[in-house]
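Asker: Before I ask anything, here is the structure I am working with.
The values are calculated or read from the model by the stated rules, or taken from the named source; none is laboratory data. Just so it is clear, the structure is predicted and the values come from calculations on it, not from any experiment. Using ideal geometry, Cβ is built from the backbone for each residue, glycine included, and neighbour counts are taken over all protein chains shown. Surface areas here come from the heavy atoms of the whole protein model, side chains and all, with no ligands, DNA or RNA. Shrake-Rupley method; radii C 1.70, N 1.55, O 1.52, S 1.80 Å.
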Amino acid sequence: MEEFHKVRRLPPYVFEQVNRLKADARAAGRDIIDLGMGNPDLPTPPAIVDKLVETVRDPRTHRYSSSKGIPGLRKAQAAYYARRFGVKLDPDRQVIATLGSKEGFANMAQAITAPGDVILCPDPTYPIHAFGFIMSGGVIRSMPVAPDDGFLPALERAVKHSIPKPLALILNYPSNPTAFVASLDFYKDVIAFARKHDIIVLSDLAYAEIYFGNEAPPSVLQVPGAMDVCVEFTSMSKTFSMPGWRMGFAVGNERLIAALGRVKSYLDYGAFTPIQVAATAALNGDGSDIAEVRDIYLKRRDVLVSSFGQAGFEVPAPEATMFAWAPIPEAFRDLGSLEFSKLLIEKADVAVAPGIGFGEHGDDYVRIALVENEHRIRQAARNIKRFLASIGGNRHNVVALNARR
């Protein structure tokens, strides 16, 4: 049978090829060090788990919950924004709980996109940023991901040459996969442009708390007037090591939040109430859990950069996120990121994410996730060092001659 329309619009899932190879290697008894999927390995802090257990014992919490989030949770998220960014939010009209930021993005796309609407999306970027809109009938126009002097001219060209005029612009800083961090001045320029041209801004701030310098990443909603055009998405997955809990938020413009809420009201009853209560406790905490998670990722980052560099695989130190965006070593760059990722599994027992999975401009890179402890990261570096030493400059000893980009 012919594939359904929306399924047909989606490209092959690149990561599945790596995942299949990884599963086959493990089935054969090999110890694969998985630095590919951004799946946090750290346990959720005990106090959050205790609150979940306490709440789940109350049978009243076993009923349907609230699609937009229980009031206490929305108030806690508004209080977090006030403390962290100095941004005032109305928890009833400007905050909605989502089943992770991924679901929030996908349902926002459903809410606002008409067939043929043009969406400005960075490349490379986290796949849902583009494919949520593709599944909703939108058309993607790629934008540069670096928040530098080239971004605004590219934005101007996009508006000038897009027919129809772009509906929305996606921002993602700190960025997954590139780890770029944007400044408040950058956001000011983007918001001024968006207001002038009546463009919606959707900001993914999932990695707001995973940063390694002295300056915490800002929120675009700190810019005066941003609330007129912008919604920002956050997640508790990385900040509180709660990935499987599926808890996130969308905050910002009332009209856009209402549209998202309307769509969600037809699709779900929200997260399980005990999860929402535990998430409320996490947001109302003293911040020590966040600082501890950040410190662990910092130590892992430093070990990764140092040990991989000594192995002959240079990895630039990311400023933020739980990822490193690493150029493929020159000797292997012509293979492309997918074949190089397969090669690392086959020859070094190390899994990484191919950059092509995040967009065509990512094909010279792989994404390395900080989801193994320091010992395992050093072990991965030793495996890679042995592999690089074994080829002795003659790559054809280990790579099929017909492997192409």
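Asker: Please give the per residue accessible area of the range 191-331, computed with a probe of 1.4 Å over protein heavy atoms only, in Å².
Answerer: Values: 5340 Å² over 141 residues.
Here the per-residue accessible area is 38 Å².
Asker: Turning to a different aspect of this structure: Among ASN214, ASN39, ASN172, which one moves the most in a GNM of the chain with springs linking Cα atoms closer than 10 Å?
Answerer: ASN214
Asker: As an exercise, use a Förster radius of 56 Å and the Cβ-Cβ distance of GLU3 and SER288 to find the FRET efficiency, rounded to the nearest 0.05. The partial results should precede the final answer.
Answerer: Details: r = 49 Å, r/R0 = 0.88.
After rounding, the FRET efficiency stands at 0.70.
Asker: Ignoring ligands, DNA and RNA, what percent of the accessible area of the chain is carbon or sulfur (1.4 Å)?
Answerer: On the way: 9520 of 18210 Å².
That share works out to 52 percent.
Asker: Kindly flag which residue pairs out of LYS51/LYS238; LYS88/LYS238; LYS165/LYS196 have an alpha-carbon separation exceeding 22 Å in this structure. Walk me through the numbers on the way to the answer.
Answerer: Values: LYS51/LYS238 19 Å; LYS88/LYS238 24 Å; LYS165/LYS196 13 Å.
Beyond 22 Å between Cα atoms: LYS88/LYS238.
Asker: Another question, if that's okay. Quick one: if the Förster radius is 35 Å, what FRET efficiency do GLU330 and ARG255 give, using the C-beta to C-beta distance and rounding to 0.05? Intermediate results must be reported in sequence, preceding the final value.
Answerer: On the way: r = 50 Å, r/R0 = 1.42.
With R0 = 35 Å, the Cβ-Cβ based efficiency is 0.10.
Asker: Comparing THR61, THR280, THR321, which has the greatest mean-square fluctuation in the GNM of the chain with Cα pairs linked when under 10 Å apart?
Answerer: Most flexible of the set in this elastic network: THR61.
Asker: On to the next question. By a straight-distance test (C-alpha under 20 Å), which aspartates and glutamates pair with LYS299 as possible cross-link partners, with residues fewer than eight away in the same chain excluded?
Answerer: ASP34, ASP41, GLU209, GLU215, ASP289, GLU314, GLU319, GLU372, GLU374
Asker: Name the lysines eligible as straight-distance cross-link partners of LYS342: C-alpha to C-alpha under 16 Å, and not fewer than 8 places from it in the same chain.
Answerer: Of all the lysines, those that pass the test against LYS342 - Cα under 16 Å, at least 8 places apart if same chain - are LYS22.
Asker: Here is a follow-up. Build a GNM of the chain with springs between Cα atoms under 10 Å: which of LEU344, LEU267, LEU21 gets the top mean-square fluctuation?
Answerer: LEU267
Asker: Given a Förster radius of 30 Å and the C-beta distance between ALA82 and LYS196 as r, what FRET efficiency does 1/(1 + (r/R0)^6) yield to the nearest 0.05? List each step's numbers first, then the result.
Answerer: Values: r = 28 Å, r/R0 = 0.95.
Once the sixth-power term is evaluated, E becomes 0.60.
Asker: Keeping every protein chain present and rolling a 1.4 Å probe, give me the accessible area per residue for the range 115-177 in Å². Don't jump to the answer; show the numbers that get you there.
Answerer: On the way: 2260 Å² over 63 residues.
The answer is 36 Å² per residue.
Asker: Which value, in Å to one decimal place, does the Kirkwood hydrodynamic radius take for the chain when every pair of different Cα atoms is included? All intermediate terms of the calculation are to be shown ahead of the outcome.
Answerer: Working: mean 1/r = 0.0450 Å⁻¹.
Across the chain, the inverse of the average 1/r is 22.2 Å.
Asker: Separate question: Mean residue ellipticity at 222 nm from the helices of the chain, using -39,500 (n - 2.57) per DSSP H segment of n ≥ 4 over the full residue count, to the nearest 500 deg cm²/dmol? Before the final figure, lay out the partial values.
Answerer: Working: 13 runs with 169 residues, N = 405.
For the chain, the value works out to -13000 deg cm²/dmol.
Asker: Where in the chain are the helices, taken as whole DSSP H runs, whose Cα atoms extend 27 angstrom or more along the long axis and whose Kyte-Doolittle mean reaches at least -1.0? Don't skip to the end; give the middle numbers.
Answerer: Details: long enough: 288-311 (35 Å, -0.14).
Qualifying helices, which must be both long enough and hydrophobic enough, are 288-311.
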